[in-house]
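Undergrad: Pasting in a structure now, in structure tokens, and then I'll have a few things to ask.
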Amino acid sequence: MIHPLLPNQLQKTQETMRMAAEFILRPISRKYDKAEHEPPVEMEQLNQAAAAQKKDSEIGDDSVKSMDLGGRNLWAVISLEQMCWGDVGLFLARPGTGLGNAAIMAVGDNEQKAKWGKRWAAMAITEPGAGSDSKNISTTAVLDGDEWVLDGEKIYVTDGDRCDCVVVWATLNKSMGKTAIRSFLVEKGTPGFSVARLEKKLGIRASDTATLIFDNCRIPRENLLGGKEEIETDINAAKKSFGGAMQTFDNTRPMVAGMAIGLGQAALDMTRALLAEEGYEQNYGGSMHHQTAIQSELEMLEAELEAARLLVYKSAWMMDNKMPNSKEASMGKAKAGRIGNKISLKCVEICSMQGFSEDHLLEKFSRDSKILDIFEGTQQIQQLIVARQVLGKSSQDLK
Ligand SMILES: Cc1cc2nc3c(=O)[nH]c(=O)nc-3n(C[C@H](O)[C@H](O)[C@H](O)COP(=O)(O)OP(=O)(O)OC[C@H]3O[C@@H](n4cnc5c(N)ncnc54)[C@H](O)[C@@H]3O)c2cc1C
């Protein structure tokens, strides 16, 4: 459905992306769920559709002039919501931009954005000893002449195998904690950088998830995103420095939340279609007393999904308008991740045999949905961040 609150340009984006999702992604959804780790060759068509949308993506760039219009972030959320209505795994597998690109746009300088902004960039934060607690990473970056030397292991990196480059979080000095964490751009093919293995997964099987090894991996000095080489000892400057790295999440969380909304909408649409085949039609105008239990359940889910959607659009719009959006980004991610899980499982339940069968995609939606409430910060971590902001507590006060 075209969203009435969006400006015309974004409504057009929504329409085009939905068509691409329906006619390019959906027909190959099951094929690549089964053929895990096989690159989806049909995705080239999608790139052409995305190129046709290029104009729309430029509407706000980084300098939105009008507060009524969204910029690059809102455009991205709307595009990927529609794409993920088609298929989340395939969306993540498309040759194009990844979560690392959002990181480049959040912390890179103008030169870095121009150089790498349009390459396919994965994002590597998680390590065997650091998941939710991302400030605990052990991958090191040491300056040697005009090169950084990276050493460490990153796990569960989405697009880690197929991407062109990876944004890698590393510490300049582990004993200095989070203030010493920086992100670096490492190109595929750099000596010392290798893909160790691919994961087999519950959902989003069309996308690759890789373990990456950095062993004496030397990259140019200018590949430090944002270019901040010195570690601040002053507490306020240090907070700002880590805040810079964390800004990545303010940018990427609305994106992941948008994916959850697209998936939730897909599950509801498919459920309605299956119910209609059985002769159940939704009666929106009628009194609650005349609704079946299933009808009222579906309406509740729709209302929750719309609440999440509006929250997520707001968090992206704030980013476009250079407003601090950490709280809203986490609220949107928590709400959308949770409701995406709830809707997709409820839809399996409502359609029961058809929901559970591989004849339809509902069972797949429920498997794909779980990751959207895990990566870029789990449900519990988003709630923690929101609680800190609402209560005015630091990460030391509330762990
Ligand atoms: C398919 C897939 C793709 C991924 N893609 C990427 C990627 O592209 N890049 C990347 O860097 N990472 C990626 N990840 C990793 C993902 O971000 C982490 O799995 C996630 O951050 C959670 O970390 P963890 O698995 O170590 O769980 P843990 O941090 O060990 O958490 C385990 C459980 O404890 C809860 N918990 C932890 N701390 C607290 C707390 N303080 N309060 C309350 N509850 C808490 C968590 O919510 C969770 O439920 C991916 C993971 C998967 C499964």
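Any read-out appearing in this document is the output of simple, stated calculations on the displayed coordinates, not a laboratory observation. None of these values were measured; they are calculated from a predicted model. Note that we place each Cβ from the backbone using ideal geometry, even for glycine, and neighbour counts take in every protein chain shown.
Undergrad: Explain nothing, just compute: Karplus ³J(HN,Hα) = 6.51 cos²θ - 1.76 cosθ + 1.60, θ = phi - 60°, for every residue of region 76-91 in order, whole Hz, x for Gly and Pro.
TA: Values per residue, Gly and Pro as x: 5, 4, 5, 5, 6, 4, 5, 4, 7, 4, x, 5, 5, x, 5, 4 Hz.
Undergrad: Please compute P(r) over all alpha-carbon pairs of region 265-352, binned at 10 Å starting from zero, and give each bin as a whole-number percent.
TA: Answer for region 265-352: a P(r) of 16, 39, 26, 14, 4 percent.
Undergrad: Which of Leu372, Leu384 comes first, and how do the rest follow, when ranked by fewest Cβ neighbours within 10 Å?
TA: Ascending Cβ contact count within 10 Å gives the list Leu384, Leu372.
Undergrad: How tilted is helix 8-20 with respect to the longest principal axis of the chain? Cα atoms for both, answer in degrees (0 to 90, nearest 10).
TA: The answer is roughly 80 degrees.
Undergrad: Can you quote the Å³ per residue value for the convex hull of the Cα atoms in the chain, rounded to an integer?
TA: 145
Undergrad: To continue, here is another question. Among the DSSP beta bridges whose two residues both lie in the chain, what percent are antiparallel, rounded to the nearest 5?
TA: Rounded to the nearest five, the antiparallel share is 85 percent.
Undergrad: Among the listed pairs Lys342/Lys370; Lys228/Lys333; Lys135/Lys333; Lys228/Lys393, which are separated by more than 18 Å between their Cα atoms?
TA: Lys228/Lys333; Lys135/Lys333; Lys228/Lys393
Undergrad: Kindly provide the helix-only [θ] at 222 nm of the chain, computed as the sum of -39,500 (n - 2.57) over DSSP H runs of four or more divided by all residues, to the nearest 500 deg cm²/dmol?
TA: -15500 deg cm²/dmol
Undergrad: How would you rank Ile219, Ile78, Ile231, going from fewest to most other Cβ atoms within 10 Å of each one's own Cβ?
TA: By the 10 Å Cβ count, ascending, the order reads Ile231, Ile219, Ile78.
Undergrad: On C-alpha positions alone, give me the angle between the axis of helix 293-320 and the longest principal axis of the chain, in degrees, nearest 10.
TA: The helix 293-320 is inclined about 30 degrees to the chain.
Undergrad: Each residue of region 117-129 in order: what ³J(HN,Hα) in whole Hz does its phi give by Karplus 6.51 cos²θ - 1.76 cosθ + 1.60, θ = phi - 60°, with x for Gly and Pro?
TA: x, 9, 7, 7, 10, 7, 10, 10, 10, 5, 9, x, x
Undergrad: Where does each of Val41, Val142, Val88, Val195 land when they are ranked from fewest to most other beta-carbon atoms within 10 angstrom?
TA: Exposure proxy ranking, most exposed first: Val41, Val142, Val195, Val88.
Undergrad: Oh, and also: Taking R0 as 22 Å, what FRET efficiency do you get between Glu230 and Glu111 from their Cβ-Cβ distance, rounded to the nearest 0.05?
TA: 0.70
Undergrad: Something else: Each label point is 7 Å from the Cα along the Cα-to-Cβ direction; what then is the distance between the points at Glu42 and Lys135, in nm?
TA: Each label point lies 7 Å from its Cα, and together they span 4.6 nm.
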